[in-house]
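Following: one structure in structure tokens, then a few remarks.
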Amino acid sequence: MKLITAVIKPHRLDEVKSALQAFGVHGMTVTEASGYGRQRGHTEVYRGAEYTVDLVPKIRLEILAEDDDAEQLIDVVVKAARTGKIGDGKVWSVPVETTVRVRTGDRGPDAL
Amino acid sequence: MEAADIAFVVICAAMVMLMTPGLAFFYGGMIRVKSALNMLMMCFIATGISSVLWVLYGFSIAFGDSVNGEGGGIIGNLDFIGFKGMLGVEGSETLLTFAVFQLMFAVLTPALISGALAERVKFSAWAVFIALWVSIVYFPVAHWVWGDNGWIGGLEIDGREVIDFAGGTAVHINAGVAALAAVLVIGKRVGFKKDPMRPHNLPMVMLGAALLWFGWFGFNAGSELAANGTTALMALNTMVATGTAVLGWLAYERIRHGAYTTLGAASGAIAGLVAITPSGANVNPMGALLIGLVAGAVCAWAVSLKYKLGFDDSLDVVGVHLFGGIIGTLLVGFLAIDGAGGFAQFALQAVAAAAVMAYSFVVTWILAKIIDSTMGFRATEDDETAGLDQVYHAETGYDFSQTGTGSVSVASSVPATAQTASGEKKVDA
């Protein structure tokens, strides 16, 4: 089993969510996040005073997937989140040791 | 006063009343989340205090007969204390209409100062400051400018008189220079020029600016105290000067910083409104356009002075109100219609502006020093860093998450407590 984490632009969330649902994903966790990558942030001006905002608002998306689906899922997320502009985000996956559904106590793939 | 005029002026008073909460939103949106409520409260407490003092003695000191008799009046006498003898007598409706209209000016003027001291003063000290400031600065200065025998109102050169239609000197220059004096005593916010202090809610700033703009029609046009041609000219000039001031500020910003900001548009509007306040009844609409344009561009430049000179006027009360007030007060010296413009008029205007600046600066500086050395004017550094909302008001402006709600207890017999950032409990008796 894999945990796929994606950090994406907030306005791409709906797109990514629909693509994942179309793929057949049953659940996900969405968190508001902030951060920056290679492009750093941007500059804002208030009454002539310039502020460098390097922590840019992002959405952090987490999905648990079976090993066979993981690669395809990553592609789905990347395709839906891409705008082609700087700051589109990152997607990565890590192996998961255990998963338990809290309501029933089911473990492993049954818990997805 | 005719019934129609009374109706008009009372409605104008209500419009001016809306300016103080408008100002609260204008200022409130410009500061950081953690002290947003405190900012709103600094304006609301001004409304409360000035309203009370106005009835007790404010109106009497400002608009009673001068204690030093005819001409050259410094301060009004106490004949109207508690509004005694003013009800049910001949002319009482005129006096009361005037009193309620002018009260709104006495509310707004001290509230204007709050923007300079945002995010770092003790709430109790601010309340004491306002009570004393209106008593020894605003009420007398209002008497100088508008009182029957006020010395500024009575100045004359070649038959010309000082032009301050709706309060360029008494309100804006007065508040702007007082803000500067108070800021010099109180000092900079923790992290000034180092930490980012971005406005937390620009839509709120725009809403506040719009409310101010609306209320300003009452402020300016109502100052004629009648519904006539001068009133109409003032209303028109109020609109057009504000329009060009928005353009002036944005043009400056586009050239200087490459963007047209919403905060700039809102600030430009206020700068234009300030500048047309003293002059709008005495210039033609072309003159108003020029005054607005100059005010917008110059105030946009003036707000950067605090970084160059190193005084922390948080929300640019000096840059907008002092500079805007001076621009309007001086420019009308040359732009006044009906043959009033000229060097003599300009000199008169300059004397009025300089006198108010000198008095307001010195007295406010001393007053702030006294408050600072007795009860302390500033919040503690810990409280300032944590934000003043929780410390002084036991509230927060926004609930960002559901994780920090804690348990609820409704106990009427328990005194309200607020936790200070430093950990000890404060109990409000």
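Here are a few things to note about the model shown:
- For peptide A:37-48, the mean count of partner chain Cβ atoms within 10 Å of a residue's Cβ comes to 5.
- Peptide A:17-24, shielding by other chains (average Cβ, 10 Å cutoff): 0
- Burial ordering of B:M239, B:M1, fewest other beta-carbon atoms within 10 Å first: B:M1, B:M239
- Net charge, B:A62 excluded, C-beta distance under 13 Å - Lys, Arg +1, Asp, Glu -1: -3
- In terms of surrounding Cβ atoms within a 10 Å radius of their Cβ, A:D106, B:D313 rank from fewest to most as A:D106, B:D313.
- Gyration tensor analysis over the Cα atoms of segment A:2-111 returns equivalent ellipsoid semi-axes of 32, 15, 12 Å (largest first, whole Å).
- Taking a sphere under 13 Å around the Cβ of B:L348 and counting the other residues whose Cβ falls inside, with K and R at +1 and D and E at -1, yields a net charge of -3.
- The stretch between A:V30 and A:D106, if pulled fully straight at 0.36 nm per residue, gains 25.1 nm over its current Cα-Cα span.
- Panel order for B:R32, A:R40, B:R120, A:R12, by other beta carbons found within 10 Å of each beta carbon, from fewest to most: A:R40, B:R32, A:R12, B:R120.
- Part-to-part distance (alpha-carbon centres) for segment B:252-309 and segment B:51-92, which is given in Å: 36 Å
- A Förster radius of 60 Å combined with the Cβ-Cβ distance from B:V89 to A:E44 puts the calculated FRET efficiency at roughly 0.55.
- The protein assembly as shown shape via C-alpha gyration tensor axes, a/c threshold 1.5: prolate
- The amide H of A:A33, built 1.01 Å from its N in the peptide plane, has A:K58, A:I59, A:R60 as neighbours under 5 Å, considering only residues 5 or more places off or on other chains.
- Distance in nm between pseudo-label sites at B:T374 and A:F23 (7 Å out along the Cβ direction from Cα): 7.0 nm
Every read-out reported here was derived from the displayed coordinates using simple, explicitly stated rules and does not represent laboratory data. Note that the coordinates shown come from a computational prediction; the quantities given were computed from them, not determined experimentally. When we count neighbours, we look across all protein chains shown, and the Cβ atoms used for this are built from the backbone with ideal geometry, even at glycine.
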